[in-house]
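Throughout, read-outs are computed from the coordinates displayed, never taken from laboratory work. Keep in mind that what you see is a predicted model, and the values were worked out from it rather than measured. Note: ideal-geometry Cβ built from the backbone for every residue, glycine included; neighbour counts use all protein chains shown.
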Amino acid sequence: MLRRPGEGTDLKEPGNGEAPRRLRPQGHPLPTGSIYIAVARPEMPPMDLGSIKNEPAAVSKLVKKLGDPKNLVFCYEAGPCGYGLYRQLTKMGARCEVVAPSLVPE
């Protein structure tokens, strides 16, 4: 689901029955070829995990570190690099949302 800037996003962990959490995404400038990583878990503030290279091996390593892909939800800003990251994450069994850049707050 895409939302306008400032509306935030309601997230619900898949299948755990918890109430939705409210998150407000923030922009993070990165060097080309990098992915910014932040994690939000129930009952905890979002955590900044820094960045990784936008390479399949680095993404796979991160997903394994975070846990069972079926329990993870990823979100990233759509860009000129296509849907390679989306395809990799969904193939691993994770849910992935691609957000239009015009809907991400500055």
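A few notes on this one:
- 10 Å beta-carbon shell around Pro69, net charge (K/R +1, D/E -1): +3
- Two-site label geometry, Leu62 and Gln88: point separation in nm, points 7 Å out along Cα→Cβ: 0.8 nm
- Over region 50-106, relative contact order from alpha-carbon pairs under 8 Å, at least 6 apart, %: 34 percent
- Per-peptide average of other Cβ atoms within 10 Å, ordering 55-63, 89-97, 41-49 highest first: 89-97, 55-63, 41-49
- Summing Lys and Arg as +1 and Asp and Glu as -1 over all other residues whose Cβ lies under 15 Å from the Cβ of Ile52 gives a net charge of +2.
- When the alpha-carbon atoms of region 50-106 are used, the pair Rg, Dmax equals 11.6, 32 angstrom.
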